[in-house]
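To start, the structure itself, in structure tokens.
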Amino acid sequence: MTRWLLQQDPFFQVAIELPALDASTDIPAGDLEPLACLLADRPGVHAEVDRDLALGFAHMYGGDFEGVFWLSCENRSPAGILGDTAHMLGLKLRGSLEQNANALQAFCADRRVLFVFEHVAPSDRALVTFGGRASVIFVAASPLPARSSLEQATALFSDWRNNSDACFRVLGDVQNHLRNLPAYSGEHLRMAISLGSAAFSFASQAGRLAEAYELLDLMIDAMRARGDLLAVHRLEWERSWILEEWNEPIPLRASAIITGQPVQLTLGFR
């Protein structure tokens with residue numbers, strides 16, 4: 001009866017997003033029963049679940065939920081994880097990290113959904129434990145895929161309008177390169193600055209403002225460490241329009257830039 005009732009909800013019709021289950025994987029039904037008691041019969045959270053077991057459960061018991069979503073979060077920041085979750089749910093969230101987390105909690109309050117998170121750091125688990133009627137599985141840790149090199153990431157983001165999905169997958173790698181920006185020189189410095197500019201344009205145009213804000217913070221820290229105060233001022237101005245959209249106070253220095261005279265800057269965005 002539960003499955004029949006759930007299938008009357010239009011959300012159910014489009015809300016199964018899972019990797020394929022390997023036909024050779026044999027999971028005894030008895031191994032799935034403890035998960036069913038913890039997660040299918042009522043909302044719950046279970047961590048350190050074997051990947052094959054988690055995938056088998058999601059396929060076997062998917063009909064007990066309004067939606068089932070598998071998110072692979074390797075190298076993703078907290079804002080990126082929430083952004084990917086919202087995207088998979090069909091939600092467009094332009095808020096801050098806190099605002100987006102609250103919006104997802106509100107979404108899950110009355111919806112019986114299952115999230116399976118892979119490669120989420122233990123420190124980020126509370127962020128995606130949305131409560132309400134949602135159940136959550138955290139897959140046990142496994143080796144992370146290799147990061148994209150600076151050259152690979154720069155080439156990808158040079159054509160971000162045609163590489164949206166791939167760009168979202170490597171935003172975590174971009175952040176890593178921006179953290180290393182103070183140590184770059186020559187061609188690598190030019191590439192890292194170009195990458196940061198393109199990644200910010202990509203995230204902001206996609207409406208993922210929390211991720212765009214994260215990128216700007218990394219660029220501001222890096223350019224301040226390099227002593228490029230003109231670039232810092234320009235980046236703070238870019239950050240101000242995001243703060244304005246969030247109804248957050250704008251730092252005085254950024255406000256002064258908005259009302260001041262035009263100056264020649266070292267970075268260009270959007």
| For the range 70-125, how many residues are in contact (Cβ under 8 Å) with a residue 60 or more places away in the chain, touching an Asp or Glu at 6+ places or on another chain (Cβ under 7 Å) and closer than 15 Å to residue 168 by Cβ? | 7
| Taking the stated definitions as given, is residue 142 among the polar types (S, T, N, Q) and either under 16 Å from the mean Cα position of the chain (by Cα) or at pLDDT below 95 (or both)? | yes
| said: I'd like the full set of residues that are among the hydroxyl-bearing types (Ser, Thr, Tyr) and over 14 Å from residue 44 (Cα atoms), limited to the range 113-130. | reply: 123
| request: Being of a type in the set (Gly, Ala, Ser) and in contact with a strand residue (DSSP E or B) (Cβ under 8 Å, 6 or more places away or on another chain) is the filter; apply it to the range 53-68 and report the residue that is farthest from residue 36 (Cα to Cα). | output: 67
| field | Flag for residue 39 being more than 21 Å from the chain's Cα centre (by Cα) and modelled with pLDDT under 90 | value | no
| message | I need the full set of residues from the range 185-210 which are among the hydroxyl-bearing types (Ser, Thr, Tyr) and open to solvent by 40 Å² or more (accessible area, probe 1.4 Å), in order please. | response | 185, 194
| query | How many residues does the range 78-129 hold that are over 18 Å from residue 213 (Cα atoms), in contact with a helix residue (DSSP H, G or I) (Cβ under 9 Å, 6 or more places away or on another chain) and among the acidic types (Asp, Glu)? | reply | 2
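The values are calculated or read from the model by the stated rules, or taken from the named source; none is laboratory data. Bear in mind the structure is a predicted one, so any value in this text is a computation, not a measurement. Cβ coordinates were reconstructed from backbone atoms using ideal geometry, including for glycine residues, and neighbour counts include every protein chain displayed. We work out accessible area using only protein heavy atoms, side chains counted, and drop any ligands, DNA or RNA first. Shrake-Rupley method; radii C 1.70, N 1.55, O 1.52, S 1.80 Å.
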